[in-house]
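Data block below; observations after.
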Amino acid sequence: MKLWEQAPGLCEETPAIHYYKPTSSAGTGAVVILPGGGYCNRASHEGEGYATCLAAAGVHAFVVDYRVAPHRYPLPQLDARRAVRFVRAHAAEYGIDKQKVAVMGSSAGGHLAASIATCTEPISFEGLDSLDVESAVPDAQILCYPVICPPSYPFCHTGSYENLLGGHDVEKEETVNPVSHVSAATPPAFIWHTFDDSSVDVRNSLTYATALREAGVSVEMHVFPHGYHGLGLAQSDTHVHQWVNLLLNWLRLNGWLE
């Protein structure tokens, strides 16, 4: 399904959203999934792979084809916000509770998820149609080995920020820095990372979790000792793979599943 009848801004590809209907007893919660890929592509195992797994557990899952480079900020954020609004606007037909819409992202998709959970100021091209009356702020955030911190941090994944912004721009980097925008109103988070991730440093997750803690926001976080970046469901790693059941338990705790 198209996110827009006519997407605003540069559009060399059509932003879309794909629904994965629960294949077991469904809860009323939905998860909007933003695959990773450094803001230059979208990894299917972090999109369709997650959605199939969640649907099998009874979660309404939606995968977003958001715009990536050469598209720049604010277009990825605009597409991600639009996806949350789309799910809320169609909640009744899917049997979803409008106040149980989580956002999920891996790597750069984790940055995108965290940024729409925290950076809530209006951006260009919003308010164009009736769907925009829905809130774009998710009710929970699920972050898998996320890119978080901008280049002012020594452990930043600079490539993701450069692909998003088109180069080094301190002001824009702070605009999309989730750490700077955490508040008591930020939705609760489930975060996991591997300690020896050599691509996106675990300190991204630790820094963000600390900011959430200081703001009084609930966080469940799991750091596994070993595992390469981009593991996704981690089906080949029995130790890290347990994150899936940990997430499902967290979703049950928060009412996304019966």
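Brief remarks on what is shown
- Where a residue in region 14-37 is free of Cβ contacts under 8 Å to residues at least 12 places away in the same chain and its partner, wherever it lies, is not in a strand (DSSP E or B), with Cβ under 9 Å and at least six apart: none
- Unmet requirement for Lys172, which otherwise passes all of (1) over 19 Å from the mean Cα position of the chain (by Cα); (2) surrounded by 21 or more Cβ atoms within 10 Å (Cβ to Cβ); (3) closer than 21 Å to Ala136 by Cβ: (2)
- Any hit, region 137-146, residues being farther than 25 Å from Leu10 by Cα, surrounded by fewer than 20 Cβ atoms within 10 Å (Cβ to Cβ), out of contact with any strand residue (DSSP E or B) (no Cβ under 6 Å at 6 or more places or on another chain) and modelled with pLDDT of 95 or more: no
Listed here are the residues, each with its yes/no results for (1) touching a Lys or Arg at 6+ places or on another chain (Cβ under 7 Å); (2) small (Gly, Ala, Ser); (3) part of a helix (DSSP H, G or I).
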{"position": "Ser124", "(1), (2), (3)": "no, yes, no"}
{"position": "Val137", "(1), (2), (3)": "no, no, no"}
{"position": "Pro146", "(1), (2), (3)": "no, no, no"}
{"position": "Pro154", "(1), (2), (3)": "no, no, no"}
{"position": "Tyr161", "(1), (2), (3)": "no, no, yes"}
{"position": "His168", "(1), (2), (3)": "no, no, no"}
{"position": "Glu171", "(1), (2), (3)": "no, no, yes"}
{"position": "Ser183", "(1), (2), (3)": "no, yes, no"}
{"position": "Thr186", "(1), (2), (3)": "no, no, no"}
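- Given (1) surrounded by fewer than 18 Cβ atoms within 10 Å (Cβ to Cβ); (2) under 27 Å from Leu248 (Cα atoms); (3) of a type in the set (A, V, I, L, M, F, W, C); (4) within 16 Å of the chain's Cα centre (by Cα), index of the condition Leu54 fails: (1)
- Ala184 vs. criteria surrounded by 18 or more Cβ atoms within 10 Å (Cβ to Cβ), modelled with pLDDT of 95 or more and over 29 Å from Arg72 (Cβ atoms): no
- Any hit, region 71-86, residues being touching a residue at least 12 places away in the same chain (Cβ under 8 Å), crowded, with 22+ Cβ neighbours inside 10 Å, farther than 15 Å from Ile142 by Cβ and among the aliphatic types (A, V, I, L, M): yes
- If you filter region 1-21 down to residues that are surrounded by 19 or more Cβ atoms within 10 Å (Cβ to Cβ) and either within 17 Å of the chain's Cα centre (by Cα) or not aliphatic (A, V, I, L, M) (or both), you find that the one that is farthest from Leu165 (Cα to Cα) is Tyr20.
Residues are listed down the side, and each one gets a yes or a no for (1) among the small types (Gly, Ala, Ser); (2) within 25 Å of Tyr161 (Cα to Cα); (3) modelled with pLDDT under 95:
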site: Asn204; (1), (2), (3): no, yes, no
site: Ala211; (1), (2), (3): yes, yes, no
site: His226; (1), (2), (3): no, no, no
site: Leu231; (1), (2), (3): no, yes, no
site: His241; (1), (2), (3): no, no, no
site: Asn245; (1), (2), (3): no, no, no
site: Asn254; (1), (2), (3): no, no, yes
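- Criterion: in a helix (DSSP H, G or I) and over 29 Å from Gly95 (Cα atoms) - qualifying residue of Leu251, Leu206: Leu206
- Some residue of region 217-228 being free of Cβ contacts under 8 Å to residues at least 40 places away in the same chain, outside any helix (DSSP H, G or I), buried (at least 19 other Cβ atoms within 10 Å of the Cβ) and touching a His at 6+ places or on another chain (Cβ under 9 Å): yes
The values are calculated or read from the model by the stated rules, or taken from the named source; none is laboratory data. As the structure is a prediction and not an experimental result, all values here were calculated from the model. A quick note on method: Cβ atoms are made from the backbone with ideal geometry, for glycine too, and the neighbour counts reach across all protein chains shown.
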